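Contents: one structure, followed by commentary.
Please treat every number below as a calculation from the coordinates, not as lab data. From a predicted model like this one, the values you see are computed outputs, not experimental measurements. A quick note on method: Cβ atoms are made from the backbone with ideal geometry, for glycine too, and the neighbour counts reach across all protein chains shown.
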Amino acid sequence: MDRSVTHSFRSSLLDELEHATNRLIEGEAVMKRALGRLWQVINDDPDKNAQEEEVVVPKREDADSNVDEEELDHRFERAPDPVPNAHKLFLTSYPENDTPVLDPSQFASPEMQRDSLEKALATLRELQDDGREYVERLEEIRESLGDARSQRDAVWGIVREKAVEEVQDTAFSAVAD
């Protein structure tokens with residue numbers, strides 16, 4: 001048999017491609033876990049204590065009676081904070097009419113910080129979507145490699161059968177002469 005035919009059917013290229021594809025998919029799994037953990041941290045409210053206090057809902061009659069300021073303050077403390085968790089985690093706040101703890105020249109204005117944060121989070125969401133699509137394409141490639149391997153193995157089996165038949169025919173012809 002021709003060496004080029006033998007080399008093409010015994011090539012380890014498909015094995016190497018499949019191994020590389022699997023490694024790329026595994027690498028994307030690490031990125032997926034990291035982004036998943038980031039979204040989990042962002043969704044957790046950093047202001048809540050580890051053990052949440054039991055919320056007591058006052059009776060309607062009690063709410064209609066005289067309510068002192070301390071109780072009102074306590075109710076406001078229990079109200080959900082409308083500020084997104086990501087802003088609490090990543091933005092530097094400036095106290096109003098107060099001296100900032102850090103030098104304000106080192107940080108962008110609150111509006112610029114917010115815009116930058118929103119752009120960064122949008123970019124991370126796009127990255128996550130692109131990663132998902134990338135993994136889907138890699139899985140399609142891996143399936144195609146498996147199909148190519150099975151086709152190659154089938155063709156190689158036929159080629160070997162034909163080669164054996166030719167060798168047997170040549171041997172019978174040599175014996176008959």
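Worth pointing out:
- Subset of the range 138-177 (residues that are polar (S, T, N, Q) and loosely packed, with under 11 Cβ neighbours inside 10 Å): Ser150, Gln151, Gln168, Thr170, Ser173
- Flag for Ala154 being in a helix (DSSP H, G or I), over 24 Å from the mean Cα position of the chain (by Cα) and not β-branched (Val, Ile, Thr): yes
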